[in-house]
Amino acid sequence: MSWMAKLYDTYPHIQGVAGNTPWPVAHVKKNAHVEVTIDEKGNFLRVKVLEGDDSSTLIPVTEKSGARTGNIDPHPLCEELSYLAFDLNDGVKKKEERNKRYLELLNSWCESDFSHAKAIAIRDYISIKRLWTDVSRFISFPIVFKANSTQKIEANKCFVRWRVEASGDLITGTWEDLSLIESWVSFEKSLNPKIGFCHVTGEESRLAKFHPKFIRNAADGARLITQNDWEGFTFLGRLTDSKKEITEKFNPSQVSEVSYEVTQKAHNALRWLISNQANRNGDQVLVAWAVSGKPRPDPLAPTWDLDNFDVVTNENHDVLSTVTDLTTDLGQNFAKALGRYMAGYFDGRIASLKDHESIVVMGLDSATPGRMAVIYYRDFMARDYVKTIEKWHLHLAWPQRVSKEIQAGGKKPKTQVYWPVSAPSPWNILQAAYGDVVKSNEELKKSLYERIMPCILEGRPLPIDLVNLAVTRASNRNNSEHWEWERNLGVACALYRGFRHPERQPDSKRWREYKMSLDLNYTGKDYLYGRLLAVAERIEEMAMFVAKEPSRTTHASRLMQRFADRPASTWLNIETALGPYQQRLRTKIPPLEAAYKRLLDDITDTFDRNDFSVDKRLNGEYLLGFHCQRKWLRDHKLKNGEWVIKSPGEPELTVPEGEE
């Protein structure tokens, strides 16, 4: 029951959100098809078909009607024409019973101490039994909407909402009138007055018999708590009361009971959280929230979505730069900036969380069409949660390829490519590891998200198979577009860096904390081989550039997969193929060719002689060396025989980023 208690405690904190409050108790939202307007005396005025954003309507429900599936328990005000139109004869099953029960419910409300003028006007109009006659004069059935021409709404399934126009009353919609909403909530309490012990609040209160559905969307029939499954395994080992004891006597003795107000507010809070701040993956949903309703870092967002640290502008703190110069900075500035950004959740710049405040992470998925499962649940103290998210971004920080559409006047938008330092998003991780196959395989996508979530939220080690797949795909440049490979390379480097991080990797033999830029002092064989490959690729690219040849795939890129499998023997092939390109550079730009040769010699000399001749498969570390050396070459130029950093606006002499 802890999840329900947390959601119940959250409800009052999200009620104050202007224009976007959670549903009130005993109400649900449905999409209406038709709006009927009457006057205060119950006379028909007009009708119109609804389509688009204005069709979502808050309607009052009873405990039974709000949870109905196969039963015909009516809603008290807004309903389908099969309930409302007494003069509609189209062979609907139990048509007369539907009409009768709807009118009885509306009558009992209107005759109670909680009656409302709008409800009475609707009751009076329904009682003259000519709704179908009035509506069918203006609307042809079935209704076909322009936005979805394949959807046809038959007359009996047409859902009606009401407007009641009265002199001096500016609020005509029944879903807009707070006095009508409060009137129904008060009356609905009298329909099920059973009092018992609520295991959430620990108090005697009105007990719930049915629990809501429509949790993830308006058409979601799956419930978190069921009450009508008498066979199978749902209650096995939890409830030994007979069906008769529960349904007829309504006196269960071996089950935790929850009050009606608690289950309504808890489910309404969950719906609000899902619709406003959840991460969706088909039916799978992950929602994280602070019980106090304050902002908290999104667990699945890439670092570049964390507002680019722009919120940190307090004079007591350094002004953070959104661009990290990785030619001189080995990642320290990013770590400091991230730490200061996360601290903003506690010092009030982003939120005012308290150290021991509760932050809950909950994952939901469909178990069966009518049942929902909690696939992940953790209750964190705010300090622990923020620290864990910070570690995820810190451990997997690496330059990532991000594209953005830039609108320039009235011209066609252009794609601008950025390389922000960031932890990749889970979706990019899955695409980098599995490619397009993950897009069409929902089950694979769900299971992979379930595996990544504990890595983000609990700091667990990254799955080695996922890391290896990402490294393999990044090594095979021939099966993807250039932009796609650039993205895969950034993700693979981030994953391998996170996989080896000492705070995440349980095997101390694998510990290593990689820097985010070229590490000239590191002599790891795999890292150095990656650097060699990057220089070889650059030499060929520059040779093509000075000869004004069209850009094409280099030998180094074509042989990258083979180089990863057999580096020593493949390097001999690449080095031999470089000869003509080095000769061309020697003719056109001798100093540059000499500088490249010195660079190759320096890297080769750094090798341990025994390592250089071993033809053993490279691990993911070579991608880090390759990526760092590649970026270093892009960011530097030769000037007076020395490598110097290019100015920010200076163009890169390399292959284009590629079209997405």
**Fill in**
Cα-Cα longer than 27 Å, checked against 6/29; 48/189; 6/404; 354/515, kept in input order, equals 48/189; 6/404; 354/515
**Message:** Is the C-alpha gyration tensor of the stretch 80-150 telling us rounded, prolate or oblate? Criteria: a/c under 1.5 is rounded; beyond that, a/b larger than b/c is prolate, otherwise oblate.
**Reply:** prolate
**Asked** Taking Cα atoms, how many degrees apart are the long axis of helix 621-635 and the longest axis of the chain, rounded to 10 and kept between 0 and 90?
**Response** 80
**Request:** Evaluate E = 1/(1 + (r/R0)^6) for residue 298 and residue 2, where r is the Cβ-Cβ distance and R0 equals 22 Å; express this FRET efficiency to the nearest 0.05.
**Result:** 0.45
**Message:** Using only the alpha-carbon atoms, how far is helix 2-14 inclined from the longest principal axis of the chain? Give it as 0 to 90 degrees, nearest 10.
**Reply:** 80
**Request:** Just round it to a whole percent: the fraction of Cα-Cα distances in the stretch 40-94 exceeding 15 Å.
**Result:** 65
**Prompt:** Tell me, in nm to one decimal, what length is gained between residue 29 and residue 572 on full extension, where the rule is 0.36 nm per residue of separation less the Cα-Cα distance?
**Reply:** 188.6 nm
**Prompt:** Which whole-number percent is the relative contact order of the chain (Cα, under 8 Å, 6+ apart)?
**Reply:** 10
**Fill in**
For residue 643, other-chain or 5+-apart residues with amide H closer than 5 Å (H placed, Pro excluded) are none
**Message:** Let me make sure I get this right: for the stretch 356-427, a, b and c are the square roots of the gyration tensor eigenvalues over alpha carbons, sorted descending. Under 1.5 in a/c it's rounded, otherwise prolate if a/b > b/c, else oblate. Which is it?
**Reply:** oblate
**Complete:** For the residue 598, residue 476 Cβ pair and Förster radius 35 Å, calculated FRET efficiency rounded to 0.05 is 0.70
**Request:** Loop only per DSSP, at most 16 neighbouring Cβ atoms within 10 Å: give me the trypsin sites (Lys or Arg not before Pro) in the stretch 1-81, ordered by residue number.
**Result:** 41, 64, 68
**Request:** Give the label of the value calculated from the structure for Cα extents along the principal axes in Å, choosing from (1) 99, 56, 54; (2) 87, 74, 41; (3) 64, 52, 47.
**Result:** (1)
**Prompt:** Of the trypsin sites (Lys or Arg not before Pro) in the stretch 395-500, which ones lie in a loop per DSSP and count no more than 11 other C-beta atoms within 10 Å?
**Reply:** 411
**Complete:** Listed by chain and number, the residues whose amide H is under 5 Å from that of residue 415, excluding neighbours fewer than 5 places away on the same chain and using placed H, are 406
**Asked** What does the highest-first list of 179-191, 418-430, 353-365 look like by mean Cβ count within 10 Å?
**Response** 418-430, 353-365, 179-191
**Prompt:** Along the charge dipole of the chain, Cβ charges K/R +1 and D/E -1, which of 464, 332, 183 sits furthest on the positive end?
**Reply:** 464
**Prompt:** To the nearest 0.05, how large is the calculated FRET efficiency for residue 607 and residue 549 if R₀ is 41 Å and r is the Cβ-Cβ distance?
**Reply:** 0.80
**Prompt:** Roughly how many Å is it from the Cα centre of the stretch 581-606 to that of the stretch 368-439, as a whole number?
**Reply:** 40
**Message:** Just to confirm my numbers, what's the Cα centroid distance between the stretch 1-53 and the stretch 483-553 in Å?
**Reply:** 54
**Prompt:** Tell me, what ³J(HN,Hα) does each residue in the stretch 92-101 have, in order and in whole Hz, if you take phi through Karplus 6.51 cos²θ - 1.76 cosθ + 1.60 with θ = phi - 60° and put x for Gly and Pro?
**Reply:** 5, 5, 6, 4, 5, 5, 4, 4, 5, 5
**Fill in**
Rounded to the nearest 10 Å², the 1.4 Å probe accessible area of residue 605 is 110
**Request:** Normalising by the residue count of the stretch 509-613, find the relative contact order in percent from Cα pairs under 8 Å and 6+ residues apart.
**Result:** 38
**Fill in**
If unit charges are put on Cβ atoms (+1 for Lys and Arg, -1 for Asp and Glu) and the dipole of the chain is taken about its Cα centre, the option from 417, 160, 71 lying farthest towards the positive end turns out to be 417
**Request:** Have a look at 600, 550, 623 and report the one farthest towards the positive end of the charge dipole of the stretch 534-630, computed about the Cα centre with Cβ charges (Lys/Arg +1, Asp/Glu -1).
**Result:** 550
**Message:** Can you work out the Karplus-derived ³J(HN,Hα) for every residue in the stretch 416-431? Use 6.51 cos²θ - 1.76 cosθ + 1.60 with θ = phi - 60°, whole Hz, and x for glycine or proline.
**Reply:** 9, 9, 10, 10, x, 6, 6, 7, x, 6, x, 5, 5, 4, 5, 5
**Message:** Residue by residue through the stretch 176-182, what is 3J(HN,Hα) from phi via Karplus (6.51 cos²θ - 1.76 cosθ + 1.60, θ = phi - 60°)? Round to whole Hz and write x for glycine and proline.
**Reply:** 9, 8, 4, 5, 5, 4, 5
**Request:** Treating the angle as unsigned and between 0 and 90°, give the value, to the nearest 10°, between the Cα long axis of helix 382-395 and the longest Cα principal axis of the chain.
**Result:** 40
**Prompt:** Which of the peptides 214-223, 536-545, 123-132 is most tightly packed, and how do the rest follow, going by the mean number of other Cβ atoms within 10 Å of each residue?
**Reply:** 536-545, 123-132, 214-223
**Item:** Count of Lys pairs (Cα-Cα under 22 Å; at least 8 positions apart or interchain) in the stretch 65-177
**Value:** 14
**Request:** Would you pull out the residues with amide H under 5 Å of residue 366's amide H, same chain only if 5 or more places away, H placed 1.01 Å from N?
**Result:** 373
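The values are calculated or read from the model by the stated rules, or taken from the named source; none is laboratory data. These figures come from a predicted structure and were not determined experimentally. As a convention, Cβ positions derive from the backbone with ideal geometry for all residues, glycine included, and neighbour counts pool all protein chains shown. For accessibility, only protein heavy atoms count, side chains too; no ligands or nucleic acids. Shrake-Rupley method; radii C 1.70, N 1.55, O 1.52, S 1.80 Å.
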